[in-house]
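A short worksheet on the structure shown next.
The values are calculated or read from the model by the stated rules, or taken from the named source; none is laboratory data. As the structure is a prediction and not an experimental result, all values here were calculated from the model. So basically every Cβ, Gly included, is an ideal-geometry build from the backbone, and we count neighbours across all protein chains shown. The accessibility values were calculated without ligands, DNA or RNA, using every heavy atom of the protein model including side chains. Shrake-Rupley method; radii C 1.70, N 1.55, O 1.52, S 1.80 Å.
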Amino acid sequence: MKKSIAFAVSVCLMLAGSIKGNAYEELSEEKLYAQSAVLMDADSGRILYAKNGEEERAMASTTKIMTCILVLEESEMDQVVTVSQNAASQPKVHLGMREGEEFYVEDLLYSLMLESHNDTAVALAETVGGSVEGFAGKMNEKAKQLGLTDTHFVTPNGLDGEDEGGTHHTTAEDLAAIMRYCVMESPKKEEFLEITEAPSHTFTDLAGERSYTAVNHNAFLTMMEGALSGKTGYTNEAGYCYVGALRQDERTYIVALLGCGWPNNRNYKWSDSKRLFQYGLDNFHMESVSREISLEPVAVEDGVFEDSGIGEQVWVELEEEDKGEISLLLSEKDELKLVLLLPRRLKAPIRQGEKVGEIRYLLNGEVLCSHDVTAKEDVEQIGWRWCMEKVAERYLMKEKKQT
């Protein structure tokens, strides 16, 4: 699309959906224990509810979801991990590995996510990143790729730490976005879900000298139908934390909680998670939105087709990039609009498939998604050669009539 052509036509169409379920209810902050909380629509990444969602806080072992997905993406399950003295010296909770022992990456990922072992996190980080600092760099680069600006990783296990980039921290919104990547977008999402949903996993070191059983401590997996994945965390600085995902009736939600109580209130995170997930299930419903848009041809300045006549106005036919229905998570208070943006005129030349406009879905005034409007055909620009050919054609036709 030519940059010199400004969008000049904007047509707004209201798309009404039949929202099912009970009347929409607001969720007050006072009903939650967590100091920061978020409920996210995992399909779109839309924040459905937030309490201090952008407040930076320590995240404890919820960190390990990033550790896990990076290890999955950057290593092989049968890759060997050799335990360093640094890894073996990590504080509880730990596997109790010894310096020089060897394990497979796959087994240690279960240790990481089911039991939240701190020594395992360091051993994996050193294997993939060369050092804890090198792996933290990879974690921060991944956060940057995901568009997260309020997260900084220092440790792979979530123990409180600080470096020249700041303290180890995130926000509830960023933490939910990381979980969304893990369960919805990563090329290793199936492996991530398989590990984090496993009830238990038994393994040995490579020498077969010691055996271990990792048991899943994510109690929420059995608390609500459709619970998919999750990770708990606790440090004195962070308090109790949780990030988890739940899927019911084609709806997938993510909850992130930071600072959700301190001893002896470890169960606050479960009650907050239930309340937020139920709030999503009660108030938001998947709607298939269909619409018909009449894309009228647009005039093209200085445009010609092969059979165009001199002085003839040329129009180009348009088509939409995606004509199908879309499904959106909506509540009865949401306002969905369709905006068609097209220029009044285009400038030749135009190529088939070239973007000439856009169809935008606006949810409560914010752009949710967009589809391109493209040209269905080539339109050439009037040139000296074309003009001479047309003049010659007229002259020959005139000569034939006279003879």
Condition test on L193, is it within 20 Å of L72 (Cα to Cα), within 22 Å of the chain's Cα centre (by Cα) and not charged (D, E, K, R)?
-> yes
Please work out if A60 is at positive phi and either touching a Ser or Thr at 6+ places or on another chain (Cβ under 8 Å) or exposed (fewer than 15 other Cβ atoms within 10 Å of the Cβ) (or both).
-> yes
Restricting segment 346-389 to residues that are surrounded by 16 or more Cβ atoms within 10 Å (Cβ to Cβ) and either touching a helix residue (DSSP H, G or I) at 6+ places or on another chain (Cβ under 9 Å) or of a type in the set (F, W, Y) (or both), the one nearest to A299 (Cα to Cα) turns out to be E380
Taking segment 199-223 only, how many residues are exposed (fewer than 11 other Cβ atoms within 10 Å of the Cβ), over 17 Å from V255 (Cα atoms) and among the hydroxyl-bearing types (S, T, Y)?
-> 1
Exclusive hit being modelled with pLDDT under 95 and acidic (D, E), set D160, D174, D150, D119 | D160
Just give me the residues in segment 347-372 being closer than 12 Å to V316 by Cα and among the β-branched types (V, I, T), in sequence order.
-> I350, V356
Any chance you could count how many residues in segment 157-172 are surrounded by fewer than 23 Cβ atoms within 10 Å (Cβ to Cβ) and either within 28 Å of G226 (Cα to Cα) or among the aliphatic types (A, V, I, L, M) (or both)?
-> 1
Among V132, V128, V122, V183, which is the only one that is among the hydrophobic types (A, V, I, L, M, F, W, C) and without any contact (Cβ under 8 Å) to a residue 40 or more places away in the chain?
-> V122
Would you be able to tell me the number of residues in segment 173-198 that are open to solvent by less than 30 Å² (accessible area, probe 1.4 Å) and out of contact with any Ser or Thr (no Cβ under 7 Å at 6 or more places or on another chain)?
-> 9
Per the filter on segment 36-70, residues within 14 Å of E185 (Cβ to Cβ) and of a type in the set (D, E) are D41, D43
H152: open to solvent by 10 Å² or more (accessible area, probe 1.4 Å) and either in contact with a Lys or Arg (Cβ under 9 Å, 6 or more places away or on another chain) or closer than 18 Å to Y242 by Cβ (or both), yes or no?
-> no
With a cut-off of at least 3 residues that are surrounded by 20 or more Cβ atoms within 10 Å (Cβ to Cβ), name the strands (runs of 3 or more DSSP E) lying wholly within segment 224-343.
-> 227-235, 239-248, 251-258, 326-330
Scan segment 192-206 residue by residue and report those that are in a helix (DSSP H, G or I) and not acidic (D, E).
-> F192, L193, I195, T196
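Please determine whether any residue of segment 85-98 is of a type in the set (G, A, S), farther than 17 Å from F192 by Cα, open to solvent by less than 10 Å² (accessible area, probe 1.4 Å) and free of Cβ contacts under 8 Å to residues at least 40 places away in the same chain.
Yes, because at least one residue in segment 85-98 is of a type in the set (G, A, S), farther than 17 Å from F192 by Cα, open to solvent by less than 10 Å² (accessible area, probe 1.4 Å) and free of Cβ contacts under 8 Å to residues at least 40 places away in the same chain.
Per-residue answers, yes or no, for (1) within 21 Å of S288 (Cβ to Cβ); (2) of a type in the set (K, R); (3) modelled with pLDDT under 50; (4) surrounded by 14 or more Cβ atoms within 10 Å (Cβ to Cβ):
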{"site": "K2", "(1), (2), (3), (4)": "no, yes, yes, no"}
{"site": "A6", "(1), (2), (3), (4)": "no, no, yes, no"}
{"site": "G17", "(1), (2), (3), (4)": "yes, no, yes, yes"}
{"site": "E29", "(1), (2), (3), (4)": "no, no, no, no"}
{"site": "Y33", "(1), (2), (3), (4)": "no, no, no, yes"}
{"site": "E56", "(1), (2), (3), (4)": "no, no, no, yes"}
Go through the residues of segment 177-185 one by one and say whether even a single one is more than 16 Å from the chain's Cα centre (by Cα) and farther than 15 Å from K231 by Cα.
-> no
